Amino acid sequence: MASAESLSAPVSPGENPKIFSSERGQRPVAASLGLVPYGRAHDLQVHLRDCILRKRLPEVILALEHPPVITLGRRGDPANITVPDETLANLGVEVHQIERGGDVTYHGPGQLVLYPIMRIDRSVRAHVAAMAQAATEVLADLGIEAAWDNDRPGLWVDNRKIAAIGVHVHHGVAIHGLAVNLSTDLSGFDLIVPCGLRDAGVTSVAEQQGRSPNPADLSEVLITRFLEASHRPTAHFLRDFELFSYLHEQDCPFDGEKAADRNGR
């Protein structure tokens, strides 16, 4: 199994244009972006998917964190947000209605979020299984035994969810992905009925082990495990500013200042 350390040296997009081919089987690009507002991250995913569909880019995997935000999937029930809009506004928590599957979830600092913008060559189920396998392996490395539940999609430690998965596929390319609770403030989940499941709880690595790695320290390992589970080549890791320079060079510039505000409430 390749180590993340062997992949961590940044690569200049101009070094070898062949590795940035948009054809299947070429090496994906990966970037860890730090703390990113949800609306900007969503717009970036949609933009990257469009560039992949136009064969301007290879597949891209983003790792990041979000400021406090609640997201409702396309079948989400707003009643599963359990506090008034005024309370959310006072807490600085945004709400976004989005196109992924699933109900309602919470994202916040200390949660490692993985967004693979990738072609679905086999099936959505295989794509989800690869994310679940990667997260299960990384959690096992941290001493936590988590299990997938087909009836309640996600990774669970007993009756508490530690990782959530949701995707959206358009013209064969997926966005959204995986969120793993590392040192997340779990009180944020008190604002919702997580995934619409009233008889279940949430947990985190910090709660289970008393401590947790920082999301940035774990992102390359999780990406590497995911690509192995997906039978993809190893990634070229770029710094955040290198990613945006690379997009400009590939004639797919992303103007975050013009990203739409997708706050739905």
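Below, the figures for the structure above:
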read-out	value
Degrees separating the helix 38-53 axis from the principal Cα axis of the chain, which is the longest one	40 degrees
Likely footprinting exposure, HIS170, HIS42, HIS107, fewest C-beta neighbours within 10 Å first	HIS170, HIS42, HIS107
Overall form of region 66-123 per C-alpha gyration tensor (a/c, 1.5; a/b vs b/c)	oblate
Size of electric dipole in region 35-145: Cβ of Lys, Arg +1 and of Asp, Glu -1, about Cα centre, debye, nearest 20	680 debye
Cysteines not pairable in the chain (beta carbon separation under 4.7 Å absent)	CYS195
Nearest-0.05 FRET efficiency for ALA216 and ASP141, computed from C-beta distance (R0 25 Å)	0.95
Simple Cβ-charge dipole of the chain, Lys/Arg +1 and Asp/Glu -1, about Cα centre, in debye nearest 20	820 debye
The chain: angle of helix 240-249 to the longest principal axis, Cα-based, in degrees nearest 10	50 degrees
The chain - mean residue ellipticity at 222 nm from DSSP helices (-39,500 (n - 2.57) per run, n ≥ 4, rounded to 500)	-8500 deg cm²/dmol
Dipole of the chain, positive direction: furthest Cα of PRO213, VAL29, GLY172, with charges on the beta-carbon	GLY172
Beta bridges by DSSP in the chain, antiparallel share as percent, to the nearest 5	65 percent
Among 188-197, 246-255, the order from most to least packed when residues are scored by Cβ within 10 Å on average	188-197, 246-255
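Rule-based calculations on the coordinates, nothing more; no lab input. Predicted model, so just to flag it, every value in this text is computed and none were measured. Please note: Cβ atoms are built from the backbone with ideal geometry, for glycine as well, and neighbour counts cover all protein chains shown.
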